[in-house]
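The values are calculated or read from the model by the stated rules, or taken from the named source; none is laboratory data. For clarity, every value in this text was computed on a predicted model and none was experimentally measured. Using ideal geometry, Cβ is built from the backbone for each residue, glycine included, and neighbour counts are taken over all protein chains shown.
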């Protein structure tokens, strides 16, 4: 796999791009997991507030996802450098 | 009403066939190395002999808009960009706009009628939902009434552009589609509208001095004020920038994931050296691509929703700065 990456770009940028994407995925996974867990807990405690909680959870998840996508874009820039 | 709808559909079809005609002349393909030219007879051979990075680059060449009118003038680097050049993203913005006309002009006509068609009722309900669930909870009824039409248009315009991007291209039939929102140029324009609304409406409501004074939190110690002012100015610009990148990167990432899932077929075929076994690798790869495609069709609407909701929040927050 390493050889494949090196073949792709000729130097180490492929590895850097992969690391950027992977570390961003770790962070976003932790963030979205926490949002989802809290939203589920909140809905279980207060089922009548489920709609409001769901809407807010989706928007908050989008914020976290946006940060992860910044990292993904930087990974792409590295790869296509 | 049927006549109008048919006319508008014809308009979209003409635009689409125009896209097909000009898309055929100038495919946005990266440089194919000379070794690959020998195998250009059949497509499978050509894709398989491409180096990995060229193959990958071709997958997101469509995130760079290419000029379709006037044709080929960007071949000359000394000439510079044309002022009135027509790019493929312009075309698909017009297609999205035409699609909206097809969908919503009958809705306009359906208000006096007793039995509107099911499509008109769905779209009316959808507009009502945007107004009642997105605009009114943030802005309130009095102010939201004036703002609802713009945000309804914003939602459906982004959603239409995203959905057009999901239609697969068929290069063999010279039918090419493009995601207008998959390029940063279109999303930055949409976000700039939000930025100008934030600035303009904020200044209109609070006065020029009051707007910039209102950016700062109350009760700040004096030495912190210059620092906080700079930070708040930066955050004012970063908000639309984040809108830009979020929409663009979501659309681009979805297309790249689908392209990579399909690209796995070629990668595996290369690894096992061809042969009948390579047909088996297509089954999980195509299944993965279909799965991602289903997720993407949800993401198209979700991103339109998020862009609209955040725009509503930003514009309202700059009009009423009470933090």
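List of remarks:
- The listed residues are B:215, B:288, B:233, and the only one of them that is within 22 Å of residue B:168 (Cα to Cα) and either touching a helix residue (DSSP H, G or I) at 6+ places or on another chain (Cβ under 8 Å) or modelled with pLDDT of 85 or more (or both) turns out to be B:288.
- Failed criterion for residue B:202 (all others in (1) closer than 30 Å to residue B:322 by Cβ; (2) touching a helix residue (DSSP H, G or I) at 6+ places or on another chain (Cβ under 9 Å); (3) modelled with pLDDT of 90 or more; (4) surrounded by fewer than 22 Cβ atoms within 10 Å (Cβ to Cβ) hold): (4)
Residue by residue, here is whether (1) at pLDDT 90 or above; (2) within 14 Å of another protein chain (Cβ to nearest Cβ); (3) in contact with a strand residue (DSSP E or B) (Cβ under 9 Å, 6 or more places away or on another chain) holds:
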| position | (1), (2), (3) |
| --- | --- |
| A:13 | no, yes, no |
| A:16 | no, no, no |
| A:23 | yes, no, no |
| A:32 | yes, yes, no |
| A:63 | no, yes, no |
| A:67 | no, yes, no |
| A:70 | no, yes, no |
| A:74 | no, yes, no |
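- Single unsatisfied condition, residue B:233 versus (1) without any contact (Cβ under 8 Å) to a residue 24 or more places away in the chain; (2) outside the structural domain of residue B:317 (by TED's automatic domain parsing): (2)
- The selection criterion, being away from every other protein chain (no Cβ under 14 Å), surrounded by 15 or more Cβ atoms within 10 Å (Cβ to Cβ) and under 23 Å from residue B:86 (Cα atoms), holds for residue B:166.
Every residue, every condition in (1) assigned to a helix (DSSP H, G or I); (2) more than 12 Å from chain A (Cβ to nearest Cβ); (3) at pLDDT below 90, yes or no:
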site	(1), (2), (3)
B:268	yes, yes, yes
B:293	yes, yes, no
B:304	yes, no, no
B:314	yes, yes, no
